[in-house]
1. Using a 10 Å cut-off around each Cβ of peptide B:60-67, what is the average number of partner chain Cβ atoms that fall inside?
2. Quote to one decimal, in nm, the extra length available between A:Trp427 and A:Gln125 on full extension: 0.36 nm per residue of separation minus the C-alpha distance between them.
3. Using the Karplus curve 6.51 cos²θ - 1.76 cosθ + 1.60 with θ = phi - 60°, work out ³J(HN,Hα) for each residue of region A:361-375 in order, rounded to whole Hz, and write x for Gly and Pro.
4. Would you please put A:384-391, A:317-324, A:345-352, A:432-439 in order of how densely packed they are, using the mean number of other Cβ atoms within 10 angstrom per residue and starting with the highest?
5. FRET efficiency for A:Arg195 and A:Val91, Cβ-Cβ distance as r, R0 = 35 Å, nearest 0.05?
6. Given 0.36 nm per residue, what is the gain on full extension from A:Thr463 to A:Lys400 after removing their alpha carbon distance, in nm?
7. How far is the Cα center of region A:427-496 from the Cα center of region A:324-355, in Å?
8. Zone of A:Glu294 (label point 7 Å along Cα→Cβ, backbone N under 18 Å): which residues in region A:327-362?
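What follows draws every value from the coordinates through simple rules; no lab data is involved. Just so it is clear, the structure is predicted and the values come from calculations on it, not from any experiment. All Cβ positions, glycine included, derive from the backbone under ideal geometry; neighbour counts span all protein chains shown.
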Amino acid sequence: MSSFNKLRSEPGSFRDRTSRVFYQEDAVFRALTAPALAEWQQLTSTNFFPRLLNEGKIVGTEQVGTPSFQSQAGKSVTVERFSPTGPSPWVATLKHKKIPVISYPYEWPFGMLRDAALLQLSLLQAALAEDMILKDASPFNFQWLGSNPIFIDIPSLTRLKPGEPWVGYRQFCQLFLFPLFLQAYKDVPFQPWLRGSIDGISAQDCLQLMSVRDLLRPGVFSHVYLQAKAQARYAEPIQPCQSAPHDKRHLKPNLKKDLRSAGFHATLIQANVSRLTKVVHTLSWKRSRSTWSEYTRQLPYTDAELTQKADFVRRVTHSRPWSMVWDLGCNTGAFSRIVAENATTVVAMDIDALVVERFYQALKAEGDTQILPLISNVADPAPNLGWRGRERQSLSQRAKPELILSLALIHHLVISANIPLHEFIQWLTELKAAVIIEFITRDDPMVQKLLRYKEDHYADYETAYFEQCISAAFTVVERQPLTSGTRILYYGQPKT
Amino acid sequence: MVRTATSAREVKSRGLSRVLSCVLGGVALTFPTAAHAYLDPGSGSMLLQLLLGGTAGLAVLIKLYWQRLLLLFGIARKEDPDEQVPQPPPTMQETDLPG
């Protein structure tokens, strides 16, 4: 009986033609073309690359032999199957350390995008000092181990061609700087914009958002105003000029050549990167209150009930080791921390951007490596996006949970977000995970508050009906009402 | 003091703005077709790096447009592309692996 280890290509890895990511079982590989291999060899001979690998700022990477797998017919098939046509362009393979959870910048709180930007700029400085550069500047090249950013796009590190400008500058502004400006200067969270626009915010759009007062803020005049004006002025047609219709030369390669012969040098890039670093350092999000930021100051629980709830979660946590846990509606993350006692990775999600930002800053101060705090709306989670709807995946495809915490959440989903109760249970069932659900009864003051200004169409929001749904979908292993009687905890295991 | 810093930044901003205006004026002489269809905004960002590169960048900027002005007036010849000019992205069959 032949074992069938399938090689799967990463659907989002196609824009850079010089390499391709693929997976075999749980391992992550990257096939390299000959030019990419030459860059890799240059990279491994630098000082900064091993140093940053050791510091955990670049994802662990090593060159390996090309993996193969047996097809069902017993024939050995190697990575060559990923060449589009003709002879295989792939000449070498790298193996990357696997990141437990892939996340995207439109799920990150402000602080995470800012810290990824600072890492991008410091990588640039390190590379430039040794005649290399990062050819692009995208937050999608960064992932997280807990609250530590890690650079994952190794082929982005290439030799700096003499006299060439920083080609990634515009992308850095559109995907890092302008979203950060939007939130730091205009107090508008950037996540919806990044989710909606794969290329980020253009200089022209960012300029429209800035007032005259904002032009005086760090970085706005140089990187927003001047860049928007320069881009408008230097926009090029790609049609050949009329006098030479077959002339395929474009203005852009000439500009690069002219810049080089005019003496453009890496020190100019370093000067710009230093300026950007100073600007990003000054950026912070100053919002101090939000819908959910004060929740823990006025908890609807007595101390005794909080202890009961924590004990319940802790019992489930230690009943077996968990590799991946979701905490929906995590707020300050108290229960994420409990479950992290016996889990490899916890994805802590909340709809409130300020709450997630604060949780991230707390985790960062502790140097946590297990909990990934993300902004996510259970009723509208990040969908499949990008080319063919496969470039960016939904969370359930990226981080399959073994346990889901839904504490003090269901009443908001059913009553505020109008999700039918049985559909919420159905959604949980499809994730094939164990669940801890806290059901809030109709007697509870919070539920009554939610219903106060709405017409009560929520006949499905009843304890009996809830218990019927959950028992049909899960084996309820433990049920515990808290002292007040209006909040009931359930631990359910999926029915096989 | 914040007020002074703002004024200094204002002065610097106005200075940069004037430089950019001169540059734009110079470009208008040399690129008569530049103002048409918006398709590739990368050039503006690349040129901006000269201004953001400090005084060294300004020196490059001046040299860049001096060369173009000379070309326009027929004083200088267009240089042949040298061997280090970046080629278009390699095709799949290209193998320039050294050794």
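1. Working: counts 9, 4, 1, 6, 8, 2, 1, 3.
Partner-chain Cβ atoms within 10 Å, mean over residues of B:60-67: 4.
2. Values: separation 302, 0.36 × 302 = 108.72 nm, distance 4.62 nm.
Here the answer is 104.1 nm.
3. 4, 5, 5, 5, 4, 8, x, 5, 10, 10, 9, 10, x, 10, 8
4. Details: A:384-391: 13.5, A:317-324: 15.0, A:345-352: 24.0, A:432-439: 21.9.
Per-residue Cβ counts within 10 Å, averaged per peptide and sorted highest first, yield A:345-352, A:432-439, A:317-324, A:384-391.
5. Working: r = 37 Å, r/R0 = 1.06.
According to the calculation, E is roughly 0.40.
6. On the way: separation 63, 0.36 × 63 = 22.68 nm, distance 2.86 nm.
My answer for the length gained is 19.8 nm.
7. Using only Cα atoms to place each centre, the spacing works out to 19 Å.
8. Label zone hits: A:331-332, A:352-356, A:358.
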